[in-house]
Amino acid sequence: MTTQHLSQELASFASNLQAKDIPADVMNRAEDLLVDWFGSAIAGKGSRPVEIITKFAESMGGFSAAHAGPSEILITRKKSSPFLAAMANAAASHVAEQDDVHNGSVFHPATVVFPSALACAQAIGASGEDLLVAAVAGYEVGIRVGEFLGRSHYKVFHTTGTAGTIAAAAAVGHLLKLTPVQMLNAFGSAGTQSAGLWEFLRDAADSKQLHTAHAASTGLMSAYIAQAGFTGAQHILEGKQGMAAGMSSDADPSKLVDRLGIRWALAETSFKYHASCRHTHPAADALLQVMLAYKLKPSDIAKVETLVHQGAIDVLGPVTDPATVHQSKFSMGTVLALIAHYQFAGLQEFDQHFHDDAICLFRDRVTMTLDPEVDSAYPQRWIGKVKVHLHDGQILEGRVDEPKGDPGNTLSRTEVTDKAMRLADFSGGASPAEMHTAIDLLWNIRKQAKISSLLPHS
C-alpha cells in the first residue's frame with residue numbers, strides 16, 4: 001500500500017497545468033487580478049521602505065547601463081535580473097495595502113505571484129498566456145498552502161511571507177517548464193526559506209514589505225536552481241520536520257490537494273476597496289452602512305463596538321496608537337474614524353488625516369469584541385458586524401456579509417481600472433497616459449506573443 005505524497009501531487013499539478021485546463025472565467029479573473037496588482041505596484045513609488053529595498057536591488061544588480069538585465073523594476077523604469085526585479089516589485093506592491101487577498105487562506109497572492117512571474121516571463125520571452133497560466137498555478141498552490149497551515153500559523157506568521165515562497169516557486173517553475181520532480185525540489189527549497197513574523201506591527205517596522213520581497217525572490221530562485229538540478233526536501237509541507245511541524249498546530253494536509261483542477265481558488269480571491277488591512281474592511285463597510293442609512297455625522301456617535309473574529313484581534317490588537325501611515329492601516333479605530341468622516345479609507349485619507357485630532361478622538365472610541373458567529377465563519381467568510389452607540393442612547397446595528405471586493409460583491413473591470421489609475425496618481429509612479437497604455441496591454445495580455453516592458457524605460 002502506497003502512502004499519498006501530497007507535496008508531490010501539488011507540485012505535479014503546478015508543473016502540468018495547461019491553458020486548456022483552466023475555465024474561461026478563471027482566466028478572465030486572472031487578468032483582473034493582474035491589472036489590480038499592477039496598480040498596487042505603481043503605488044509603491046516614493047514609499048521609504050520600498051525605495052530602500054529597490055535601491056538595494058539596483059546596487060546589487062551588477063549591470064551597466066549598456067547591459068541592463070531583462071526584467072523591469074516598475075517604480076524606477078530600470079532593468080535588472082529577474083531575482084532583483086521580483087524583489088523590488090513585490091515590495092512595492094505590498095505597501096499601499098491595496099493588493100488582493102484570499103479569505104480562506106488569509107493570503108495575499110498577487111504581491112508574490114505576479115512580481116516573480118513577470119520577472120521570469122520578461123527574462124525568458126514568455127507569452128501573455130504563459131504568464132497567466134503560471135499565475136493561476138501560483139495562486140492555486142499558494143492558497144492551498146495557506147489553508148493547510150491554518151489559523152494557528154497566521155497567529156504568529158505572516159502567511160504571505162511563508163506560503164508566498166511556495167506560490168512564487170510554483171509560478172516561476174511553471175514558466176521554466178519544470179518537471180514534476182523539479183517542481184517538488186523547488187517547493188523544498190522555497191519552503192525551507194519561508195519566513196515572516198507579525199512582531200513588526202508592534203514597532204511600526206518595515207518588515208511587511210521585506211516579507212513579500214523575500215518570498216517572491218526566494219521562490220523565483222528556488223525554481224531556477226531546481227531547473228539546474230538543485231534538490232530540496234521532498235515533504236517540505238507535511239513532513240515530520242517540515243513547514244507545518246514548525247509553524248502550525250492545526251495543519252490540515254487534505255487542504256493541500258483540495259479538488260485540484262476542479263475548485264479554482266483564484267476565483268475566490270477578493271479585491272481590496274479600502275487602503276487598509278483586510279481585517280478592518282468588514283467592520284468599515286458595516287459602519288458605513290449604518291451611517292448612510294441613518295444619515296449620521298461623526299459627532300452623533302459616542303462609540304463603535306466592532307464584533308470580530310480572533311484573527312482581527314491578533315493582528316490589529318497590538319496597534320493602539322499608530323505612529324506611521326502604514327501602521328495606521330492596521331488600526332481598527334483609525335480606519336473606522338476615516339470611514340465616519342470621509343466615507344472612504346483611501347490612500348489620500350490615510351496620508352493626510354490619519355493623525356488628525358478628530359480622527360484620533362474617534363479612533364479611541366472604537367473597540368473590538370470577539371463574536372462567536374463571526375469567528376466561526378472566519379476565514380471562509382469575513383462578516384462585518386458593528387454596534388454604533390449614539391450620544392442620545394440609541395444603539396444601531398450594522399451587518400455586512402460580503403465586504404466590498406469579495407467575489408459576491410466584486411469590483412467591475414471599470415472599477416479595477418479606476419482603482420489602478422488612482423493608485424498611480426497618488427504615488428506619481430506613472431502618468432495617466434502611461435497607465436492607460438499599460439492597462440490596455442494588460443487587459444489584452446493573452447494576445448501578447450512575448451512579454452515586454454509595461455512602462456517606458458528611464
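The values are calculated or read from the model by the stated rules, or taken from the named source; none is laboratory data. Source: prediction; values computed, not measured. Methodologically, a virtual Cβ is constructed for each residue, glycine included, from the backbone with ideal geometry; neighbour enumeration extends over all protein chains shown. Each accessible area value is taken on the protein alone, full model and side chains, heavy atoms only, with ligands, DNA and RNA left out. Shrake-Rupley method; radii C 1.70, N 1.55, O 1.52, S 1.80 Å.
Tell me the per residue accessible area of the range 106-159 using a 1.4 Å probe; a whole number in Å² is fine.
15
Quick one: how many Å² of T410 are accessible to a 1.4 Å probe, rounded to 10?
That residue has around 50 Å² of solvent-accessible surface.
Report the convex hull volume per residue for the range 6-60, counting only C-alpha atoms, in Å³.
Given the Cα convex hull of the range 6-60, per-residue volume reads 147 Å³.
Nothing charged except the Cβ atoms of Lys and Arg (+1) and of Asp and Glu (-1): what's the magnitude of the dipole of the range 252-354 about its Cα centre? Round to the nearest 20 debye.
Approximately 220 debye in magnitude.
Angle, helix 6-16 long axis vs. longest principal axis of the chain, Cα atoms, 0 to 90°, nearest 10?
Approximately 70 degrees, to the nearest ten.
Please give the helix 281-294 orientation as an angle from the longest Cα principal axis of the chain, in degrees from 0 to 90, rounded to the nearest 10.
In the chain, helix 281-294 runs at an angle near 30 degrees to the longest axis.
In terms of modelled amide H atoms, which long-range or inter-chain residues lie less than 5 Å from the amide H of A302?
Result for A302 returns H389, L390, H391.
Set the Förster radius R0 to 41 Å, insert the Cβ-Cβ distance between F230 and E373 as r into 1/(1 + (r/R0)^6), and round the FRET efficiency to 0.05.
Result of the calculation: an efficiency of 0.30.
Please list, in order along the range 415-421, the HN-Hα scalar couplings obtained from phi with the Karplus expression 6.51 cos²θ - 1.76 cosθ + 1.60 (θ = phi - 60°), rounded to whole Hz, x for Gly and Pro.
5, 5, 5, 4, 4, 4, 5
Check which residues have an amide H placed less than 5 Å from H274's amide H, if you skip close sequence neighbours.
Residues meeting the criterion, in which the H sits 1.01 Å from N, do not exist here.
In the structure shown, do any of K329/K404; K20/K79; K297/K385; K208/K387; K55/K208 have a Cα-Cα gap over 28 Å, and if so which?
Those over the limit are K20/K79; K208/K387.
Pull up all non-local amide H partners of V308: gap of 5 or more, or a different chain, and H-to-H distance under 5 Å with H placed in the peptide plane.
Hits under the 5 Å cutoff: T369, L370, D371.
Just how much of F157 is accessible, in Å², when a 1.4 Å probe is used and the result is rounded to the nearest 10?
Near enough 40 Å² of accessible area.
Could you give the dipole magnitude of the chain about its Cα centre, charging the beta-carbon of Lys and Arg +1 and that of Asp and Glu -1, in debye to the nearest 20?
Dipole about the Cα centre, nearest 20: 740 debye.
Measure out, as a whole number of angstrom, how far apart the alpha-carbon centroids of the range 257-334 and the range 3-19 sit.
When both Cα centres are located, 35 Å separates them.
Taking all protein chains in place and a 1.4 Å probe, what share, in percent, of the accessible surface of the chain do carbon and sulfur account for?
Summing carbon and sulfur atoms, their accessible area is 54 percent of the total for the chain.
Keeping every protein chain in place, order E373, E434, E97 by accessible area at 1.4 Å, biggest value first, i.e. largest first.
So, going from the largest accessible area down, we get E373, E434, E97.
Tell me, what HN-Hα J-couplings in whole Hz come from the Karplus equation 6.51 cos²θ - 1.76 cosθ + 1.60 at θ = phi - 60° for each residue of the range 153-167, using x for Gly and Pro?
So the J values, rounded to whole Hz, are 5, 5, 4, 10, 9, 7, 4, 5, x, 8, 4, x, 5, 5, 4.
Taking the Cβ of V95 as the center, what net charge do the other residues with Cβ under 13 Å away carry, scoring Lys and Arg +1 and Asp and Glu -1?
0
Can you pull the accessible area of L455 for me, 1.4 Å probe, Å² to the nearest 10?
10
Each residue of the range 174-185 in turn: what ³J(HN,Hα) in whole Hz from Karplus with 6.51, -1.76, 1.60 and θ = phi - 60°, glycine and Pro shown as x?
5, 4, 7, 6, 5, 5, x, 5, 5, 4, 5, 5
Sort K385, K450, K303 by heavy-atom solvent-accessible area, probe 1.4 angstrom, most to least.
Greatest to least solvent exposure: K450, K303, K385.
With a 1.4 Å probe and all protein chains in place, put D321, D99, D206 in order of accessible area, largest first.
Solvent-accessible surface, decreasing: D321, D206, D99.
Between the alpha-carbon centers of the range 160-221 and the range 379-428, tell me the distance in whole angstrom.
Taking the Cα centre of the range 379-428 as reference, the centre of the range 160-221 is 29 Å away.
Putting +1 on Lys and Arg Cβ atoms and -1 on Asp and Glu Cβ atoms, find which of T410, G150, F38 reaches farthest to the positive end of the dipole of the chain.
F38
Can you pull out the chymotrypsin sites (Phe, Trp or Tyr not before Pro) in the range 186-255 whose DSSP state is coil and whose Cβ has at most 16 other Cβ atoms within 10 Å?
Passing sites in the range 186-255 are F230.
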